[in-house]
1. How many residues are in a helix (DSSP H, G or I) and within 19 Å of Ala173 (Cα to Cα) if we restrict to region 29-59?
2. Within region 24-43, track down each residue that is small (Gly, Ala, Ser) and loosely packed, with under 12 Cβ neighbours inside 10 Å.
3. Exactly one of these conditions fails for Phe109: (1) assigned to a helix (DSSP H, G or I); (2) under 19 Å from the mean Cα position of the chain (by Cα); (3) surrounded by 20 or more Cβ atoms within 10 Å (Cβ to Cβ). Give me its number.
4. Among the residues of region 34-73, what is the count of those that are hydrophobic (A, V, I, L, M, F, W, C), touching a Leu at 6+ places or on another chain (Cβ under 9 Å) and farther than 21 Å from Ile20 by Cβ?
5. Residue by residue through region 121-134, note down the ones that are crowded, with 18+ Cβ neighbours inside 10 Å and assigned to a helix (DSSP H, G or I).
6. For Gly71, only one of the following conditions fails: (1) closer than 16 Å to Asn139 by Cβ; (2) in contact with a Ser or Thr (Cβ under 9 Å, 6 or more places away or on another chain). What is its number?
7. For the list (1) at pLDDT 95 or above; (2) more than 22 Å from Ile158 (Cα to Cα), I need the number of the one condition that Val45 fails.
8. Out of Gly82, Gly94, report the one residue that is within 25 Å of Cys41 (Cβ to Cβ) and crowded, with 21+ Cβ neighbours inside 10 Å.
Amino acid sequence: MPDSDYSFPKLPRNLHQLQILTGHLENYTSDYTVQVLIGYCVVYVFMQTFMIPGKIFMSLLVGALFEQVRGVALVVFATSAGASSCYFLSKLIGKPLVFVLWPDKLTFFQKQVAKRREKLLNYMLFLRVTPTLPNTFINLASPIIDVPFHTFLLATLIGLIPAAYVTVRAGIALGELTSLSDLYDTQSVALLFFIGVVSS
C-alpha cells in the first residue's frame, strides 16, 4: 500500500467501523488486489483458529470489496482453512477447554454423532447450515469426539455456502445496513433450516 494514514486498519466491532474500513480499502483493492486478498485471508484464518469474535464483519467486508461469486468463494475458503486450523489445535490442546465451557453440549453432540456414524456427513452438513450448534463449538468439539477430518472439512466447505451467500450479499449493500439483525430476517433463517433439513 502507498503511504497513508494507517490508523484505519483494525478489526471492525460495529457497522460504522466496518463502513469506514471498507471506504479505505476500496481505494486499494483494485490496485493491490493480491495484497488485500492475502491480508484478508491471514486475518480471517487467524480469527477463526483462535475463536476471535467479529468474523461476520469480515464476511460483510469481502462482499463490499469483491462482489458475490468471488466473495462467497473467499469466505468459504477462509472459513474452511480457519476451521481446519481450529480443529487441529483443539485436537492437540482443546479437550480441557471444551469440557469446561460446554459439558452439556459436548455430551449431546457426542450422542448424536454416535447415533449417526453411518450418515455422519449429512448430520455435519445439517449442523453447518443451521444455527443449531455454534460453529466455534463444532470446530473445537469435532476432533474430541472423533469426527473424521475429511467429513468435517467436506461438511464445512459445502455447509457454509448458504450462510456465506447471505452475508456476502448483505456486504454488497453495506451502506444500506443499519444493524446486524438486518442480515438474517425470518425468511433467511427459515431458508437455512430448510436447506439443513433437506441435507440431513
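1. Final tally of qualifying residues: 6.
2. Once the filter is applied, which keeps residues that are small (Gly, Ala, Ser) and loosely packed, with under 12 Cβ neighbours inside 10 Å, region 24-43 yields only Ser30.
3. That leaves (2) as the condition not met.
4. Summing the residues that are hydrophobic (A, V, I, L, M, F, W, C), touching a Leu at 6+ places or on another chain (Cβ under 9 Å) and farther than 21 Å from Ile20 by Cβ in region 34-73 gives 3.
5. Leu121, Tyr123, Met124, Leu125, Phe126, Leu127, Arg128, Val129
6. (1)
7. (2)
8. After ruling out the rest, the residue left standing is Gly82.
The values are calculated or read from the model by the stated rules, or taken from the named source; none is laboratory data. All figures in this text were calculated on a predicted structure; none of them were measured in a lab. Please note: Cβ atoms are built from the backbone with ideal geometry, for glycine as well, and neighbour counts cover all protein chains shown.
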